[in-house]
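A short write-up of the structure that comes next.
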Amino acid sequence: MNNRAFTLVAIVFFIHNWVMSSRQARLEKKLEELKNQLKDRP
Amino acid sequence: MKPLTAIVFKDIVIEMRSKESISSMLMFGILVLVIFMFAFESSGLEKTVIGPGELWVAFSFAAILGLNRSLAMEIDNDCLQGLLLAPLGRGELYLGKVASNFAFMIIAEFIVLPVFFILNNLSFDQRFIGIAGISILGTLGISAVGTILSTISANTRMKEVMLPILQIPLSVPVIIAAVEATSQILNNEKPEISAWLTILAGFSIVYLTVSYLVFEFAVEE
Amino acid sequence: MKVKILAILSVITMIPALYMIFLFAPTEATQGNAQRIFYIHVPLAVVGAYGSAIMLFIGCLGFLITRDLKWDRFAACSAEMGVVFTAAQLLTAMMWAKPIWGTWYAFDSRGTLQIVLLLIYIAYFMLRSYLPDREKRAKLCGVFGLLGMVDVPINYLSIYLFRTQHPQPVISPGGGGVDPDMAKTLLMSFIAITLLYAYVFVRRLTIAKVEEEVDYLTQVALANE
């Protein structure tokens, strides 16, 4: 039971971290795109 | 005090004309009781054991049905603007809404309660009065927290879905205290319900105060 | 930068914490090895679930007083931390309760409070996603968060009363404070979990900022078209 509990907690945090980093990457890409798009306009 | 009664009066007039809120609450409450009766009929459990839970499931879900209507009605017809322009504080507006919601719920519950007694083969004695008293206190708590939450949920995209999600976790103390007090009265054991009644009253007081203070944030544009 | 420092610090403290939990701390007499779950369960509950509750309360109150959107971001991030940490903590509780109590979940005061707390955090989150307008979302979520966190002490009181009037079906866990080695281990895992919490929180906060910026720029781009 011990190792299962610790593994589960680790999995929870890894999934959350993974979701966060993919979200961050996506948002930063979008931010760059928007900035480029707006730079062309006066 | 006068604007407060005006709000209650307005809601009562609307309800007298449409009869939507009370009739839907009433029908839903009775349906829950009937479903519970069929579901537990074969289990052979003592009526007084499952009774309190049954009653409060019916009450709390019926209350959500009524609360959903009360503020959504104002927002759909843009009546909230008019209410906000009326010469009264936001807190008083909240208290008026709580009073009218409470009144409708109590009317519906006092019709559901005898049905509950009949379906469960209980005799109308002191227990009926005791349970009626508990339902007044519990309903006050539910309407205090439910009125402000229905104001919040009326602003969202899925009003009907959002209110139960917001309300059920917050009304857990009311349900626990009310079910426990009801079951002690139903079982005729030496009732030690003062602690539970204190929790019910305390919950209502805390939520009436906090909501009175923060209601202006919930309605302002 | 702050995020990287916190990440490194939490890894640095997590390794000795795990070492102390599994190898250094003495095995408890009655519960055996299962008691070791306790070292990670307690910090997760205290820092994760209750700490997030206090932070959510501060965030909502701060927003309603100052009307500064940074408090709303603070509240949103602490609610998300609440969901993750409370869920993780409930998992450890279940894994511990199965061999010791024989059930996954016993209706005791703290466990029930944690479940209600988790439901309130999730409700807060759903409310956020159903409100499209930024200002309105901050205001209404502030009100709901405040109401939800006022609920927590009343809830605890009622559940506590509920349990003490009935006989307790379970032995209360603990006895961790007796052995000094156990106390040291608990302290170490407290530090590790707090740093982990700080890291995840700060990281989530930066993402929330970027998200807001993207929203704003999208609106600007749409307005220009």
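I want to confirm something. Restricting to chain A and keeping residues that are more than 23 Å from C:A87 (Cα to Cα) and among the hydrophobic types (A, V, I, L, M, F, W, C), which single residue is farthest from the other protein chains (Cβ to nearest Cβ)? So the residue we want is A:A25. Kindly evaluate C:L91 against the criterion of being at pLDDT 85 or above and surrounded by fewer than 18 Cβ atoms within 10 Å (Cβ to Cβ). Answer is no for this residue.
If only residues of the stretch B:179-198 that are crowded, with 18+ Cβ neighbours inside 10 Å and farther than 15 Å from B:I136 by Cβ are counted, the one that is farthest from the other protein chains (Cβ to nearest Cβ) is B:L186. Does C:C77 satisfy the condition of being over 25 Å from C:A192 (Cβ atoms) and either surrounded by fewer than 20 Cβ atoms within 10 Å (Cβ to Cβ) or at pLDDT 90 or above (or both)? For C:C77, the condition - over 25 Å from C:A192 (Cβ atoms) and either surrounded by fewer than 20 Cβ atoms within 10 Å (Cβ to Cβ) or at pLDDT 90 or above (or both) - is not met.
Selection of the stretch B:109-165 for residues being away from chain C (no Cβ under 13 Å), of a type in the set (A, V, I, L, M, F, W, C) and outside any helix (DSSP H, G or I) yields B:L122, B:F124.
Could you list all residues from the stretch B:172-221 that are over 23 Å from B:E74 (Cβ atoms) and not in a helix (DSSP H, G or I)? The answer is B:N187, B:N188, B:E189, B:K190, B:P191, B:E192, B:I193.
For the stretch C:19-52, filtering for residues that are within 10 Å of chain A (Cβ to nearest Cβ) and surrounded by fewer than 17 Cβ atoms within 10 Å (Cβ to Cβ) leaves 3. Any residue that is aliphatic (A, V, I, L, M) and over 18 Å from B:I148 (Cβ atoms) - is there at least one of those in the stretch B:68-84? No. Among the residues of the stretch B:117-146, which ones are hydroxyl-bearing (S, T, Y), at pLDDT 90 or above and over 16 Å from B:A63 (Cβ atoms)? Of everything in the stretch B:117-146, nothing turns out to be hydroxyl-bearing (S, T, Y), at pLDDT 90 or above and over 16 Å from B:A63 (Cβ atoms). Any chance the stretch C:60-67 includes a residue that's over 22 Å from the mean Cα position of the chain (by Cα), in a helix (DSSP H, G or I), of a type in the set (S, T, N, Q) and under 30 Å from C:L147 (Cα atoms)? Yes; the residues of the stretch C:60-67 include at least one that is over 22 Å from the mean Cα position of the chain (by Cα), in a helix (DSSP H, G or I), of a type in the set (S, T, N, Q) and under 30 Å from C:L147 (Cα atoms).
Within the stretch C:117-151, take every residue that is under 17 Å from B:I199 (Cα atoms) and buried (at least 21 other Cβ atoms within 10 Å of the Cβ) and give me the one that is farthest from the other protein chains (Cβ to nearest Cβ).
Here is the first cut: in the stretch C:117-151, the ones under 17 Å from B:I199 (Cα atoms) are C:147-151.
Now narrow it down to the ones that are buried (at least 21 other Cβ atoms within 10 Å of the Cβ): C:147-149, C:151.
Working: C:L147: 6, C:G148: 6, C:M149: 10, C:D151: 5 Å.
Among those residues, the one meeting the criterion is C:M149.
The values are calculated or read from the model by the stated rules, or taken from the named source; none is laboratory data. Because the structure is predicted, anything quoted here is derived from the model rather than measured. Backbone-built Cβ (ideal geometry, glycine too); neighbour counts: all protein chains shown.
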